[in-house]
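Enquirer: One structure, pasted below without further comment.
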Amino acid sequence: MSNLVGIGRPAGAARPEATHRMRNAPQDPAPQDSAPSGPTPSGPSHVTRTDLVAGFDRIGLRPGQVALVHSAMRPFGHVEGGAETVVDALLDVLGPRGTLVVPTFTFAHEATTAAGDRLLIDPANDPSEMGTISETVRRRPDARRTAAFRHSFAAIGRRAEPIASVDHGLAPFDLRSAFGVMLALDAQVVLLGVTYARSTSHHFAEWLSEVPYRHAVVREVRLRQPDGSIIETTMGDYQPRPSPDGSYYGSRATDFNRLGLMLERTGAVSVTPIGNAIVRRFAMRSLIELAVAEAERDHNIFRTPEGQKAHITGLPDGVFVFSHEIRDAAGRPETHFWNVVNPRAVAGFRDDWRVVVPDVPAADPAP
Ligand SMILES: CC(C)(COP(=O)(O)OP(=O)(O)OC[C@H]1O[C@@H](n2cnc3c(N)ncnc32)[C@H](O)[C@@H]1OP(=O)(O)O)[C@@H](O)C(=O)NCCC(=O)NCCS
């Protein structure tokens, strides 16, 4: 049984006291211009570059850091200038010695492989399937992109080169992969309006923990090189092992919020609203340390309890909004899932979306 309750709760009625406070923020004093993004003349879900910069500062993003950003646009409400403004604000805060990294994953490549077609990986042209903020970063002239079967990244800034130039033949979560480089650089994971469900660093932790239900897979691909030439090569992938019932995950599903909540309880996560979006920051290193230690005790720390595939651990801030069913680029049905202050302020809110006020477990539940 899911531990989420309150389906259909009216807009704006959800824990306003919890969603508008800032938790676990860094102790250093905020600059004068970084007051919490309260109502603007156009309302709290009208977000400007200044609001974004102030919010990123509140969660402790600092100049010179490497930030791995998972994002959705809709949760903010309305961002003046769209995705370009979010990217500009992130670069403002990280500064010239910082590095902005986004996932630019391509599930379409899985569909091509399944169809038996000769797969072409084209890093310069394959669009990102990880949202418009990610695609905006990828298209910037100074962005570098890794070559990967599914798990590519685009990076801008000082450390873009070492992150983007890793060996494409490695498994995506190998310690010598882009993830390994980011871990070495003390990357900060930033979640914009999405929960830990979209934190790929949790998959990295699964890899490092050698969970038995996933394995490395080698893909034969063609790769378009920067000069336009095409080479035949192999790339690493990381997939669930075939399950006894033939489904993608078997009798458990992924629940990365569970470790996310545990991490929040250690004080390692900063949380704040920016406009209507709940935004979080944590050090990838903190997550990995916690996850690997917990997985030593029980590797199911990343997954739902047995037979409870709909279970998602609740989080203390904001409400969850689940979209209608949408197909990913591989043709698989998926539901988009956002974490917001007011569900009805989500851009393009639809009445068939499910609003859930998370019921937060009193203690870390047993697997
Ligand atoms: C899939 C996902 C990107 C969908 O989120 P989304 O907000 O609907 O999509 P985008 O971020 O691409 O934003 C596009 C939407 O923003 C909205 N939008 C457009 N302009 C906007 C603005 N100025 N301000 C706010 N919202 C705006 C529109 O509704 C647009 O949707 P449309 O093009 O269908 O009209 C998101 O749920 C997600 O999962 N993000 C994380 C991805 C990730 O990193 N995954 C890694 C592990 S799998």
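Enquirer: Checking the condition under 25 Å from ALA178 (Cβ atoms) and either at pLDDT 95 or above or surrounded by fewer than 19 Cβ atoms within 10 Å (Cβ to Cβ) (or both), which residue from GLU220, GLU264 passes? Don't jump to the end; show me each part of the working.
Expert: Values: GLU264 fails: under 25 Å from ALA178 (Cβ atoms).
Of the residues listed, the single one that is under 25 Å from ALA178 (Cβ atoms) and either at pLDDT 95 or above or surrounded by fewer than 19 Cβ atoms within 10 Å (Cβ to Cβ) (or both) is GLU220.
Enquirer: Then there's this: Can you tell me which residues in the stretch 285-305 are within 28 Å of VAL355 (Cβ to Cβ) and without any contact (Cβ under 8 Å) to a residue 60 or more places away in the chain?
Expert: The answer is THR304, and nothing else.
Enquirer: ILE278: farther than 26 Å from GLY180 by Cα, among the hydrophobic types (A, V, I, L, M, F, W, C) and outside any loop (DSSP other than H, G, I, E, B), yes or no? So that I can check it myself, show each step before the final result.
Expert: On the way: farther than 26 Å from GLY180 by Cα: yes; among the hydrophobic types (A, V, I, L, M, F, W, C): yes; outside any loop (DSSP other than H, G, I, E, B): yes.
For ILE278, the condition - farther than 26 Å from GLY180 by Cα, among the hydrophobic types (A, V, I, L, M, F, W, C) and outside any loop (DSSP other than H, G, I, E, B) - is met.
Enquirer: Oh, and also: If you take the residues in the stretch 121-142 that are surrounded by fewer than 21 Cβ atoms within 10 Å (Cβ to Cβ) and of a type in the set (Lys, Arg), which one is farthest from the ligand (Cβ to nearest atom)?
Expert: Residue satisfying both the conditions and the ranking: ARG140.
Enquirer: Which of the residues that make up the stretch 178-200 are over 8 Å from the mean Cα position of the chain (by Cα) and not hydrophobic (A, V, I, L, M, F, W, C)?
Expert: GLY180, ASP186, GLN188, GLY193
Enquirer: Please tell me if ARG118 is closer than 16 Å to LEU90 by Cα, charged (D, E, K, R) and surrounded by fewer than 23 Cβ atoms within 10 Å (Cβ to Cβ).
Expert: On the way: closer than 16 Å to LEU90 by Cα: no; charged (D, E, K, R): yes; surrounded by fewer than 23 Cβ atoms within 10 Å (Cβ to Cβ): yes.
Judged against the criteria, ARG118 is not a match.
Enquirer: Under 9 Å between Cβ atoms, which residue pairs at least 6 apart in sequence (or on different chains) link something in the stretch 65-85 that is more than 20 Å from VAL101 (Cβ to Cβ) with a partner that is more than 8 Å from the ligand (Cβ to nearest atom) and aromatic (Phe, Trp, Tyr)?
Expert: ARG74/PHE349
Enquirer: Just one of (1) in contact with a Phe, Trp or Tyr (Cβ under 8 Å, 6 or more places away or on another chain); (2) modelled with pLDDT under 95 trips up PHE337, so point out which.
Expert: (2)
Enquirer: Let me ask something else. Among the listed residues ASP142, ASP126, ASP117, identify the single one that is outside any helix (DSSP H, G or I), farther than 21 Å from TYR196 by Cα and at pLDDT below 95.
Expert: ASP117
Enquirer: Would you mind stating whether ARG23 is more than 9 Å from the ligand (Cβ to nearest atom), surrounded by fewer than 19 Cβ atoms within 10 Å (Cβ to Cβ) and either modelled with pLDDT under 95 or under 19 Å from the mean Cα position of the chain (by Cα) (or both)?
Expert: yes
Enquirer: Specify the residue that is surrounded by the fewest Cβ atoms within 10 Å (Cβ to Cβ); the eligible residues are those in the stretch 40-96 that are within 9 Å of the ligand (Cβ to nearest atom) and in a helix (DSSP H, G or I).
Expert: Across the stretch 40-96, the extreme among qualifying residues is ALA83.
Enquirer: Tally time: how many residues in the stretch 197-244 are among the small types (Gly, Ala, Ser) and farther than 25 Å from ASN339 by Cβ?
Expert: Residues meeting the conditions: 6.
The values are calculated or read from the model by the stated rules, or taken from the named source; none is laboratory data. Since the model is a prediction, treat every value here as computed from it, not as a measurement. Glycine gets a Cβ as well: all are built from the backbone with ideal geometry, and neighbour counts include every protein chain shown.
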